Amino acid sequence: MPHSIFRRLVSLGSDGDGDANDANEVRTDGGTATATGEGTTRSDQSDRSLLDSEFVRSLPFWLPPALLMGLFVYGAIGWNAVISLTEWSGFGSPDYGDLDFSMYEQMLGDPTFVVAARNTVVLLVVFTVLSLAVGLLLAILVDRDIRYENTLRTIYLLPMSLSFVVTAIFWAWMYNPEIGLINVVLRGVGLDFLANDWISDPSTKLGAVIFALMWQFSGYCMVVYLAGLRAIPNDQFEAARIDGASTLRMYRRVIIPQLRASTMSAAVVLMVFALKAFDFLFVLFGDTPGPSTDILATMMFREAFSSSNWAYGAAIATVLFLLALVVIGPYLYVQYQRGDL
Amino acid sequence: MSVADDLRELSLGRAAVYVVLLLVGAFYLAPLESGLMTAIKTQDAFFSSTPFVPPFGDGFTLEPWYEAWAQMQGPLSDFSGALYNSAFVAIPATVLSGLIGSVAAYGLTNLKWRGQAGVLMLFVAGMFVPYQSVLVPLTRFWTIVGLQNYLAAVPFLQSRVGLIELVVTHTAYGIPICTILFRSYYANFDESMLEAARIDGATFTRIYRRIIFPLSKPMFAVVLIYQFTQVWNDFLFALVLVSSPTNEVATIALNKLQGSMVQQYNVQMAAAFIAALPTLLVYVLFGEQFAEGVAGES
C-alpha cells in the first residue's frame with residue numbers, strides 16, 4: 001500500500017509505463033498520424049467518421065462541466081480585464097461605455113504598487129527556491145532506506161493539510177516576542193541577541209512569513225522529489241558510485257539533473273501557492289501588512305474590497321493573473337510537448 | 001526486530017541521518033505541539049511557562065476549549081454555527097465537483113476526438129488561476145444573479161444564500177483539479193475491456209455507469225478527500241461572498257476570534273484546532289489519499 005502511491009506519483013510525474021495509453025491517444029488526436037499503429041487496419045475514412053461521432057457523443061459528458069468551469073474561471077478573468085478598463089469605484093455598477101487604460105497608468109505611478117510587486121516577486125522566488133531545496137534534501141535523506149519512512153512522510157506533509165488561517169495563528173504564537181517558541185528556543189541556546197519581534201520588525205517580517213510558508217509546503221516538495229528519486233533506476237546510482245564519484249558530486253552531476261520534471265511541477269504548484277499567500281498575510285496583518293510585506297494579492301483586496309476602488313483592484317488582479325501565466329505558461333507548454341495532455 | 005538488530009544496523013552515518021530526520025520531524029510538529037500545549041494551559045500558566053512544555057498542577061485547564069467551541073460552533077443544536085456552515089458548504093461542493101469531474105474526465109479520456117488536448121489545457125490552467133484575478137467579477141456576478149430572490153419560497157435556503165453561492169463557486173473552481181485527477185486514473189484503464197463493451201453495443205452512458213463509475217471508487221476517495229480539505233480550508237471566497245454573520249464558515253470565525261481575543265493565546269490555539277479538526281481527522285485517517293491528491297496537482 002505505501003508503495004502504490006509512489007508508483008502512481010511516478011506515473012503521474014514522468015513518462016512511466018502507465019502513460020503508454022496516453023501516448024497512443026495523442027497520436028490519434030494529432031490527426032496527422034492516424035494511419036500508424038493499430039489504426040492501420042481501418043481505412044482513413046471510417047476512422048474520421050468514428051472520430052466525429054465519438055466527439056459528438058462525448059459532448060454531453062465534458063461540455064457542461066467545461067462550460068461551468070469556463071464561465072467561472074475564464075469568463076471571470078475576461079470580465080475582470082474589462083472592469084479594469086473602466087473607472088468603477090464606490091457603490092453602483094461599472095460603466096462599460098468608457099474604456100481606457102487609466103487604471104494601469106495610475107498603477108505605474110503608484111509607489112505602493114511598485115513595492116507590492118517587488119515583494120510578490122521576492123516572496124515567489126525565495127519561498128519557491130527555499131522550499132525546493134529543503135524538500136530535495138529531505139527526499140535524499142529519506143530515500144536511504146529509512147525505517148519509519150511512512151510516519152516521517154505523514155509528519156512532513158501534515159502542515160499542508162491545514163488551512164492558512166490555522167497555520168497563521170500557530171505562527172503568530174510561534175513568533176510572539178516574549179513567550180513564543182522561536183525566541184524561547186533562541187534564548188535557551190544562548191542566542192539571545194538573535195531574539196526578535198519577528199512579525200512586527202519590518203526588516204524580518206517578510207522573511208518570517210516566507211519561513212512559515214516554507215514550513216507548510218517543503219514537505220510537499222519532499223514527496224514530489226522522493227517520487228522522482230524512486231523513478232531513477234538503481235543502476236545509475238551504482239554506476240556513479242563505481243566511477244568513484246563522491247556522494248555530493250554524484251547527486252549534483254547524475255541525480256539532480258534527472259529530477260528536472262519533479263522540480264518543475266513542484267515549482268509551479270509552489271509559485272501558485274505563493275501567489276495565494278494572501279490568506280496567511282491577511283490573518284496576521286489584516287488588509288494592510290505595511291510596505292515591507294504588502295504583496296499584490298493583499299493590495300488588490302484592499303483596493304477593491306476595503307476601499308471599493310473596483311476598477312483599480314481589477315487592474316492589479318489582471319497583473320497578478322499575468323504573473324501566474326508567466327509561471328504556468330512554460331509548464332503547460334512542456335506538458336503539451338511531452339504529450340501529457 | 002530486536003534492539004540488538006537495530007543497533008547493528010546503525011552505523012555512525014546512518015545514525016546522523018536519523019537524528020537529522022527526527023529533528024526535522026520535530027520542526028514540522030513544533031507549531032502544532034506548542035499550540036496544543038498552550039490550549040490546555042491557563043492564562044497564567046502559558047504566560048509563565050515554556051510553550052512546548054505540558055502544563056502541570058493548576059496550570060492545566062480545558063476552559064479554553066469550551067470557550068473556543070462556544071465561539072466556533074456553540075451548541076450542536078445551533079444549525080448556523082460556523083462548523084455546521086463549513087460542512088454545509090464543503091460536503092455538497094466536494095461531492096458535486098467530484099461527480100462532475102469524473103464525468104468530464106470520462107468525456108475527455110476514453111472517447112477519442114481531436115482538439116481534446118486544447119480543452120484539457122484549459123482544465124489544467126484552470127487549476128492554477130489565482131483567485132484574486134476573478135474576485136471582483138465573482139462578487140459582481142452574484143450581485144447580478146440575486147440568488148436570494150429565487151430562494152424566496154424556501155426560507156431555510158434563503159437565509160443561507162451566501163453559503164449556496166459558496167457551494168456553486170467552489171464546485172466550479174474544483175472541477176479542473178477533479179477532472180485532471182480522474183483523467184490520470186482513467187488513462188491507465190485497460191482499453192480492450194472498454195472496446196469489448198463498445199462492440200457489445202453498450203452506449204457511452206452505459207459504459208460509464210456500469211464499468212467506469214464502479215471502477216472509480218479508489219479515485220473518488222482521493223478526489224473527495226483532497227477537495228474536502230481544500231474547500232474546508234478556504235478563506236478568501238468566504239471572505240468576499242458571505243456577508244451575514246450567521247453564515248460565517250469556520251475559517252472566518254477563527255480569524256474573527258483571533259482578532260477579538262488578542263492576548264488569549266490558549267483560546268486561539270484551541271479554536272485553531274477545532275477549525276482544523278475535520279481536516280486533521282481526514283488527514284490522519286486517509287493520509288495516503290491526501291498525498292495522492294496533492295501529487296495530482298503537479
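The values are calculated or read from the model by the stated rules, or taken from the named source; none is laboratory data. Bear in mind that the values here come from a model prediction, so they are computed numbers and not experimental data. FYI the Cβ positions are ideal-geometry reconstructions off the backbone, even for glycines, and counts take in every protein chain you see.
Against the definition (within 20 Å of the chain's Cα centre (by Cα), at pLDDT 90 or above and crowded, with 24+ Cβ neighbours inside 10 Å), how does B:Ala295 come out, yes or no?
no
State the number of residues belonging to the stretch A:151-177 that are in contact with a helix residue (DSSP H, G or I) (Cβ under 7 Å, 6 or more places away or on another chain) and either over 23 Å from A:Tyr225 (Cβ atoms) or more than 7 Å from every other protein chain (Cβ to nearest Cβ) (or both). Steps first, please.
Pass one, the stretch A:151-177, residues in contact with a helix residue (DSSP H, G or I) (Cβ under 7 Å, 6 or more places away or on another chain): A:152-175, A:177.
Now drop any that are not either over 23 Å from A:Tyr225 (Cβ atoms) or more than 7 Å from every other protein chain (Cβ to nearest Cβ) (or both), which leaves A:153, A:163-175, A:177.
Qualifying residue count for the region: 15.
Tell me the residue from B:Ala125, B:Ala90, B:Ala152 that is more than 18 Å from the chain's Cα centre (by Cα) and not in a loop (DSSP other than H, G, I, E, B), please.
Testing whether each residue is more than 18 Å from the chain's Cα centre (by Cα) and not in a loop (DSSP other than H, G, I, E, B) leaves just B:Ala125.
Starting from the stretch B:148-164, keep only residues that are assigned by TED's automatic domain parsing to the domain that holds B:Leu241, then list their pairs with residues that are modelled with pLDDT of 85 or more and of a type in the set (Ser, Thr, Tyr) whose Cβ atoms are within a distance under 8 Å, requiring at least 6 positions of separation or different chains.
Taking only residues 6 or more apart or on different chains, the pairs are B:Ser159/B:Ser244; B:Ser159/B:Thr246; B:Gly162/B:Ser243; B:Gly162/B:Ser244.
Checking B:Ala70 against (1) more than 19 Å from A:Ile169 (Cβ to Cβ); (2) among the small types (Gly, Ala, Ser); (3) more than 14 Å from chain A (Cβ to nearest Cβ), only one condition comes out false. Which one?
Unmet condition: (1).
Given the condition more than 30 Å from A:Leu259 (Cα to Cα), within 11 Å of chain A (Cβ to nearest Cβ), out of contact with any Leu (no Cβ under 8 Å at 6 or more places or on another chain) and surrounded by fewer than 21 Cβ atoms within 10 Å (Cβ to Cβ), answer yes or no: does some residue in the stretch B:249-260 qualify?
Checked against the condition, which is being more than 30 Å from A:Leu259 (Cα to Cα), within 11 Å of chain A (Cβ to nearest Cβ), out of contact with any Leu (no Cβ under 8 Å at 6 or more places or on another chain) and surrounded by fewer than 21 Cβ atoms within 10 Å (Cβ to Cβ), the stretch B:249-260 yields at least one hit.
Would you pick out the residues in the stretch A:49-90 that are facing another protein chain (nearest Cβ under 7 Å) and touching a residue at least 24 places away in the same chain (Cβ under 8 Å)?
A:Ile77, A:Asn80, A:Ile83
In the set A:Tyr220, A:Tyr225, which member is within 30 Å of A:Met174 (Cα to Cα), in contact with a Leu (Cβ under 7 Å, 6 or more places away or on another chain), within 9 Å of chain B (Cβ to nearest Cβ) and among the hydroxyl-bearing types (Ser, Thr, Tyr)?
Checking each option against the conditions leaves just A:Tyr220.
Given (1) among the small types (Gly, Ala, Ser); (2) within 11 Å of chain A (Cβ to nearest Cβ); (3) closer than 30 Å to A:Gln335 by Cβ, where does B:Gly35 come up short, assuming only one miss?
(3)
Any idea which of B:Gly35, B:Gly101 is surrounded by 15 or more Cβ atoms within 10 Å (Cβ to Cβ), touching a residue at least 24 places away in the same chain (Cβ under 8 Å) and in contact with a Cys (Cβ under 7 Å, 6 or more places away or on another chain)?
Numbers: B:Gly35 fails: in contact with a Cys (Cβ under 7 Å, 6 or more places away or on another chain).
That would be B:Gly101, the only listed residue that is surrounded by 15 or more Cβ atoms within 10 Å (Cβ to Cβ), touching a residue at least 24 places away in the same chain (Cβ under 8 Å) and in contact with a Cys (Cβ under 7 Å, 6 or more places away or on another chain).
State all residues of the stretch A:236-256 that are surrounded by fewer than 10 Cβ atoms within 10 Å (Cβ to Cβ) and within 32 Å of the chain's Cα centre (by Cα); if no residue qualifies, say none.
A:Leu248
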